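See structure below.
The values are calculated or read from the model by the stated rules, or taken from the named source; none is laboratory data. Just so it is clear, the structure is predicted and the values come from calculations on it, not from any experiment. Here the Cβ is made from the backbone with ideal geometry for all residues, glycine too, and neighbour counts use every protein chain on show. These accessible areas exclude ligands, DNA and RNA; they are computed on the full protein's heavy atoms, side chains included. Shrake-Rupley method; radii C 1.70, N 1.55, O 1.52, S 1.80 Å.
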Amino acid sequence: EWRASYAYPQNLLRNVAKSGCQTEFTYIPDIDMVLSPGMDQRLENLMNSEEVQRCDKCAFVIPTFEIADSVKVFPTSKTQLVEMIANKTARPFHQKLFNINQKSSMLTEKWIKIDENPDQEIGYKVEKYIFKYEPLYVARADTPQFDERFIGFGMTRNTQVYEMYVAGYEFHVLANIFTNHAGFQTLSNRPSWRAKQQEANNAKFDEFAKELTAHYGRDPYNMIEKLPKMNLKNIHVAYSKSTKKSNQKSTK
C-alpha cells in the first residue's frame, strides 16, 4: 500500500484547511467523524453567545464516540447515545486502544451523567491536562498551527493541543453535542507501518517540547524534567502481527 512507504502529511493539510477558513472559529475533525444532527446550528448559536465571546483562549471540546458495527443508525441525541453506552454498543473514542486520547475530558466520569439540556451547552472545564490529550474542539481560528514535522500517524494532533496547553488555553467540554466514529477501535486494525510512523514521530517530540518551553517561557506540565524518564525515542508501539503478515503476502 502507498501508506506503508509514504507518510500522509496530515498536519500540513490541516494547516492548509485552517488558513483557508474565513470564519472566526474553526473545527478540524478527522474525515471519518460523523457529526450529530443539528450540530452546526447549535455551535453557531453557542459561538455567538456572550460566554464564548468573552474568552479569547478557550477551546470547546466536542466528545467523540465509537459506535459498534452492529449499530445500523448512529445516535441522534445524547440521550440515545448514553443508552447505547450503557448497552455497550458505544464507547468514548479510543477508550480501549489509547484511553488517554480523551481521558482529560472525563466522559465516563462526568459527561454521561449530565442530562441533555439544550439551554446549557457548556458542561464543564477540563481541570487536569494529561499528556497526549487529543480532543476535537471548536476554537478561534488563531490557535497555534499544527507542527508539520510530525508526519503520518502519531503526535500529529496531540502536539498542537499540548502547545495550546502551554500557551495558556482552557478546554471546556460541551454538554450535549458529540460526534460519532463507525466501529470499535482495536489493535487488530493497527498495521506495522502505522506503528513505525508513530515511533518516528515520538522521537521528534523532545525537541518540540524544548522549543515550546523556550518560546512561551513556561513549562506548566514540567515536561522538560519528565522527558528523560518518558524516553519517547525508545518506546516501541504495538501493532497487529496478523496485519503485518498480510502486508508481506501482498508485496510478494
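Among the residues of region 218-234 satisfying the criterion of being surrounded by 10 or more Cβ atoms within 10 Å (Cβ to Cβ) and basic (Lys, Arg), which is modelled with the lowest pLDDT?
The qualifying residue modelled with the lowest pLDDT is Lys233.
When you scan region 115-126, do you find a residue that is of a type in the set (S, T, N, Q) and in contact with a strand residue (DSSP E or B) (Cβ under 9 Å, 6 or more places away or on another chain), even just one?
no
When region 25-53 is examined, which residues are found to be open to solvent by 90 Å² or more (accessible area, probe 1.4 Å), at pLDDT 95 or above and not in a helix (DSSP H, G or I)?
Asn48
Given the conditions (1) in a loop (DSSP other than H, G, I, E, B); (2) crowded, with 19+ Cβ neighbours inside 10 Å, and given that Val237 satisfies all but one, which numbered condition is not satisfied?
(2)
Is there a residue being out of contact with any strand residue (DSSP E or B) (no Cβ under 6 Å at 6 or more places or on another chain), closer than 30 Å to Trp111 by Cα, open to solvent by 70 Å² or more (accessible area, probe 1.4 Å) and at pLDDT below 95 anywhere in region 244-252?
No: region 244-252 contains no residue that is out of contact with any strand residue (DSSP E or B) (no Cβ under 6 Å at 6 or more places or on another chain), closer than 30 Å to Trp111 by Cα, open to solvent by 70 Å² or more (accessible area, probe 1.4 Å) and at pLDDT below 95.
What number goes with the only condition from (1) within 17 Å of the chain's Cα centre (by Cα); (2) buried (at least 20 other Cβ atoms within 10 Å of the Cβ); (3) more than 26 Å from Asp219 (Cβ to Cβ) that Leu81 does not pass?
With (1) within 17 Å of the chain's Cα centre (by Cα); (2) buried (at least 20 other Cβ atoms within 10 Å of the Cβ); (3) more than 26 Å from Asp219 (Cβ to Cβ) applied to Leu81, the lone miss is (1).
With respect to Val61, is the statement that it is touching a His at 6+ places or on another chain (Cβ under 9 Å), hydrophobic (A, V, I, L, M, F, W, C), on the phi < 0 side of the Ramachandran plot and open to solvent by 50 Å² or more (accessible area, probe 1.4 Å) true?
no
Just give me the residues in region 66-78 being more than 22 Å from the chain's Cα centre (by Cα) and small (Gly, Ala, Ser), in sequence order.
Ser70
Which pairs do you get when a residue that is closer than 21 Å to Met155 by Cβ, found in region 11-31, comes within reach of a residue that is assigned to a helix (DSSP H, G or I) and open to solvent by less than 50 Å² (accessible area, probe 1.4 Å), reach meaning Cβ atoms under 7 angstrom, with the pair 6+ apart or on two chains?
Thr26/Lys18; Ile28/Arg14; Ile28/Lys18
Output the residue which, of all residues in region 94-108 that are closer than 20 Å to Gly123 by Cα and of a type outside the set (A, V, I, L, M, F, W, C), is surrounded by the fewest Cβ atoms within 10 Å (Cβ to Cβ).
Result: Thr108.
I'm told Trp111 meets every condition in (1) open to solvent by 60 Å² or more (accessible area, probe 1.4 Å); (2) in contact with a Gly (Cβ under 8 Å, 6 or more places away or on another chain) except one. Can you identify the failing condition by its number?
Unmet condition: (1).
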